[in-house]
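Beneath this line is the structure, given in structure tokens, with notes to follow.
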Amino acid sequence: MKSERYDVVVVGAGPAGSVTAKTAAEHGLDVLLIERNQEIGVPVKCAEGVSKDIEKFVVPDKKWVSAVVKGANIYSPDGTKVAMAGNKMEDVGYVLERRIFDKFLACEAARAGADVRVKTEAYGIIKRKGMQKAFMFALGVRIQVYLLMSWLVRMV
């Protein structure tokens, strides 16, 4: 079985995973970002509409912004309405081309130094005496990744 060593393994190349991988790589960690699908951003997930808060993480680019949102009404399952109203001078959000956006973020992670792999799925973690081993299939080949940190964070 092939073995590799990383400080951080990020499972899932959606926006949260790619930004996490980029941030960790920018801080000097050896990072592996894996995506189980063959192509990042496919199939398209929900959340094409986002607030301006996205600007905290990335500068909007016309390559992946399909529309600027000037205002919106959001309805909860119980019918409660929340109005997001901007003015003519201020936008409240964006409609994204998620397929392009997700790929852009994964490329940013790679530019920061993260290794990015598609068709790779994590299927187990073993923790022993401060060393974790993550097992995964990469393009049909089983690999073992040693995580060099003495802790493991799992987000569900």
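The values are calculated or read from the model by the stated rules, or taken from the named source; none is laboratory data. Quick caveat, the model's predicted, so the values are computed rather than measured. Methodologically, a virtual Cβ is constructed for each residue, glycine included, from the backbone with ideal geometry; neighbour enumeration extends over all protein chains shown.
Please enumerate the residues belonging to the stretch 14-29 that are closer than 20 Å to LYS56 by Cβ and assigned to a loop (DSSP other than H, G, I, E, B).
GLY14, HIS27
Would you mind stating whether VAL116 is modelled with pLDDT of 85 or more, within 26 Å of GLY28 (Cβ to Cβ), of a type in the set (A, V, I, L, M, F, W, C) and assigned to a loop (DSSP other than H, G, I, E, B)?
Criteria not met by VAL116.
Is it the case that some residue within the stretch 78-89 is more than 21 Å from GLY17 (Cα to Cα), exposed (fewer than 10 other Cβ atoms within 10 Å of the Cβ) and among the polar types (S, T, N, Q)?
Yes, the stretch 78-89 contains a residue that is more than 21 Å from GLY17 (Cα to Cα), exposed (fewer than 10 other Cβ atoms within 10 Å of the Cβ) and among the polar types (S, T, N, Q).
Mind checking which residues of the stretch 55-65 are surrounded by 14 or more Cβ atoms within 10 Å (Cβ to Cβ) and more than 13 Å from the chain's Cα centre (by Cα)?
Listed by number, the residues that qualify are PRO60, TRP64, VAL65.
Working only within the stretch 52-83, note down all residues that are closer than 26 Å to CYS107 by Cα, among the β-branched types (Val, Ile, Thr) and assigned to a loop (DSSP other than H, G, I, E, B).
Selection gives VAL58, VAL59.
Against the definition (touching a residue at least 12 places away in the same chain (Cβ under 8 Å), part of a strand (DSSP E or B), out of contact with any His (no Cβ under 9 Å at 6 or more places or on another chain) and closer than 30 Å to ARG5 by Cβ), how does TYR94 come out, yes or no?
In short, no.
Answer yes if at least one residue in the stretch 30-51 is in the same structural domain as GLU108 (by TED's automatic domain parsing), assigned to a helix (DSSP H, G or I) and either crowded, with 18+ Cβ neighbours inside 10 Å or out of contact with any helix residue (DSSP H, G or I) (no Cβ under 9 Å at 6 or more places or on another chain) (or both), and no otherwise.
Within the stretch 30-51, not a single residue is in the same structural domain as GLU108 (by TED's automatic domain parsing), assigned to a helix (DSSP H, G or I) and either crowded, with 18+ Cβ neighbours inside 10 Å or out of contact with any helix residue (DSSP H, G or I) (no Cβ under 9 Å at 6 or more places or on another chain) (or both).
Cβ-Cβ below 6 Å, separation at least six or inter-chain, first residue in the stretch 56-79 and in contact (Cβ under 8 Å) with a residue 40 or more places away in the chain and under 11 Å from VAL95 (Cα atoms), second aliphatic (A, V, I, L, M) and surrounded by 10 or more Cβ atoms within 10 Å (Cβ to Cβ): which pairs?
TRP64/LEU96; TRP64/ILE100
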